Amino acid sequence: MRLSTIIELAKQYLIMGIILVVVAGVIAAAGYFIVYKKVMKGQKRIRPLTAVWAGVFLCYLIVMLSATLLDRFSGWTSGRIIPLFYSYREAWYSFSGADWRNIVLNILLFVPLGFLLPLGIRRCRRFWVTYLIGFAVTVLIESAQLILRRGVVEADDILNNFLGTMIGYGCYMLFQGILSAVQRRKFNVFRMAAAQIPLVAVGLAFAGIVLMYDHQELGNLNVGFVNRIDLSSAQVTTEETYSSESGTAAVYKVPVYTEEETRNMAEKFFAGLGQTLDETRTDLYEETAIYYSTEQNSLWINYSGGTMDYTDFSAIYGDDPEAETISQAISGADEATVREALLTYGIDLPENAEFQEMEGQAGGYTFTVSQQREGDRLYDGTLTCTLYEDGKLGDISNNIITCEKYKDFPVISEEAAWEQIREGYFQVYLEEGRQIRELTTGPVTMKYMTDSKGYYQPVYAFTTSIDGQEDCEIYIPAVEQ
């Protein structure tokens with residue numbers, strides 16, 4: 001989820017919380033002044049600071065519960081229980097800002113709870129009381145998600161929320177220390193310092209992760225195992241003879257473009273088609289930039305590799321984008337015709353790219369380049385497009401990566417990679433609670449994948465059958481760790 005989306009959701013929940021707090025405040029005021037003071041002749045007064053604390057605390061609870069219970073979907077993964085440190089391992093292998101941000105936000109979500117509880121409730125000024133309440137609240141929320149099947153249930157959420165509560169209590173102790181110093185009151189500095197241990201520990205842990213990641217030469221591959229697969233009751237077999245010889249393989253560097261560079265690419269692309277970049281419409285994501293022409297055609301450019309997706313609505317609908325009929329897709333075109341059409345869009349493919357007409361899609365064609373080397377340069381990937389009348393292409397998805405050789409690295413043998421599969425150290429998506437009964441691997445090939453630092457690393461791709469009916473590929477990183 002994008003940060004802007006999270007901020008927008010937080011604003012919506014905050015507005016809803018404020019409205020509900022105002023309504024609750026009006027009801028409470030009516031009950032206090034009319035029922036308690038006039039009817040019951042009560043004498044106790046409500047302190048203004050107490051009323052403010054209650055309003056803020058109630059608003060926070062509304063925002064927190066809305067974020068954890070309302071903003072969740074119900075699907076086939078709902079109710080799934082994710083083991084401890086799963087999200088950390090997933091974030092490590094992808095090393096994407098989105099994954100790490102979700103972890104940090106889960107910690108920050110409970111910081112206000114750890115701060116507000118001791119601020120407004122005297123009993124909670126004992127650290128263990130606040131800690132216990134924070135732990136109980138996050139367990140109750142995760143239990144509600146499990147019962148209501150609202151999203152997945154993560155043990156990491158409990159850990160992160162609990163850490164947030166402890167950090168929040170440390171912030172309260174720091175606040176009290178500063179207040180005491182201003183008012184020249186005695187304060188236990190040792191207790192205040194001890195309360196900062198969770199914050200220091202979390203900070204050091206994240207700093208250690210960043211330093212360790214920066215220290216390693218290559219990035220991480222998101223095909224690394226996140227959670228070991230239980231194969232204790234499974235039969236793992238193969239009829240293949242995998243090589244026991246290790247060796248070396250080249251690692252390539254994928255070009256990574258900046259926002260300004262992708263913008264220049266978009267301007268040049270649209271200009272080549274006689275179109276102009278729409279300055280008022282640009283969507284920037286962490287991995288992709290989306291640009292539009294004044295004709296409302298869209299161009300998606302990935303920062304890593306510069307791969308792109310283009311949609312030309314004029315080719316599909318003609319000059320009227322609201323037309324009910326679409327242009328005729330051209331089937332049966334030869335390779336030269338499709339290549340010529342691609343050249344009008346500034347796309348020149350390697351000569352040895354494999355050309356094929358797509359089955360079941362009128363006017364659909366593909367060009368596939370499989371690890372084609374030209375000196376120290378590597379071409380790899382697939383381009384798909386749809387050809388329409390007048391040689392126009394309604395859509396282009398160019399996922400062919402062009403990268404330069406970085407250097408050779410030692411790689412493990414095919415046999416060693418298969419041993420990792422046999423021991424369950426691989427990644428595969430299974431339904432919750434499903435146990436693999438039979439896993440059979442077939443031929444293995446070496447493919448390439450982009451890692452988190454923009455390097456194109458070799459991986460072993462094993463053709464695999466699960467329980468005799470599901471064919472898939474299991475990927476094992478080839479570079480020695």
Q.
As an exercise, identify the trypsin sites (Lys or Arg not before Pro) in the range 121-154 lying in DSSP coil whose Cβ has no more than 12 other Cβ atoms within 10 Å.
A. R126
Q | Under 13 Å from the Cα of K453 - aspartates and glutamates, other chains or at least 8 residues apart | A | D214, E217, E287
**Q.** Zone of E335's modelled label, taken as backbone nitrogen in the range 361-389 under 19 Å from a point 7 Å along Cα→Cβ
**A.** 363-374, 379-387
(Q) List the GluC sites (Glu not before Pro) within the range 337-407 that DSSP assigns to loop and that have no more than 12 neighbouring Cβ atoms inside 10 Å. (A) E351, E359
Q.
Could you tell me how far the Cα centroid of the range 392-418 sits from the Cα centroid of the range 446-465, in Å?
A. 7
Q: Mind jotting down the distance between the C-alpha centroids of the range 171-218 and the range 353-380, whole Å?
A: 54
Q) What full-extension length gain, to one decimal in nm, is calculated for T237 and T280 as 0.36 nm per residue of separation minus the Cα-Cα distance? A) 9.7 nm
Q | Simple spin-label estimate for S143 and D390 in nanometres, 7 Å along Cα-Cβ | A | 6.6
Q. For the range 377-410, which chymotrypsin sites (Phe, Trp or Tyr not before Pro) are both in a DSSP coil and crowded by at most 16 other Cβ atoms within 10 Å?
A. none
Q | Surface/4 estimate of mean projected area, convex hull on alpha-carbon atoms of the range 259-405, nm² | A | 9.5
**Q.** Label-zone membership for the range 453-481, site E419, 7 angstrom Cα→C-beta point, backbone N under 14 Å
**A.** 480-481
(Q) Skipping prolines and chain starts, which residues have an amide H placed within reach, meaning under 5 Å, of the one on V256, given they are 5 or more residues away or on another chain? (A) G305
Q: Determine the alpha carbon to alpha carbon distance for each of K392/K447; K268/K392; K253/K392; K268/K407 and list only those over 23 Å.
A: K392/K447; K253/K392; K268/K407
Q | Cα centroid of the range 94-169 to Cα centroid of the range 248-308, whole Å | A | 39
(Q) Suppose each label sits 7 Å from its Cα in the direction of the beta carbon; what would the R126-W53 distance come out to in nanometres? (A) 1.7
Q) Using modelled backbone amide H atoms (1.01 Å from N, in-plane), which distant-in-sequence or interchain residues come within less than 5 Å of V236's amide H? A) L439
Q) Using 1/(1 + (r/R0)^6) with R0 = 22 angstrom and r between the beta carbons of M446 and N352, what's the FRET efficiency to the nearest 0.05? A) 0.70
Q. Using a simple spin-label model with points 7 Å from Cα along the Cα→Cβ vector, what separation in nm is obtained for A136 and E217?
A. 5.5
Q. For E480 and R191 in the same chain, what is the full-extension length gain: residue separation times 0.36 nm, less their Cα-Cα distance, in nm?
A. 99.3 nm
Q. Quick one: length gained pulling N227 to Q361 fully straight, 0.36 nm per residue minus the C-alpha distance?
A. 44.4 nm
Q.
Let me make sure I get this right: for the range 365-481, a, b and c are the square roots of the gyration tensor eigenvalues over alpha carbons, sorted descending. Under 1.5 in a/c it's rounded, otherwise prolate if a/b > b/c, else oblate. Which is it?
A. oblate
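FYI, it's all coordinate maths here, none of it is from the lab. This one's a predicted model, so the numbers in the text were calculated from it and none came from an experiment. Counting neighbours? That spans all protein chains shown, and the Cβs are built from the backbone with ideal geometry, glycine included.
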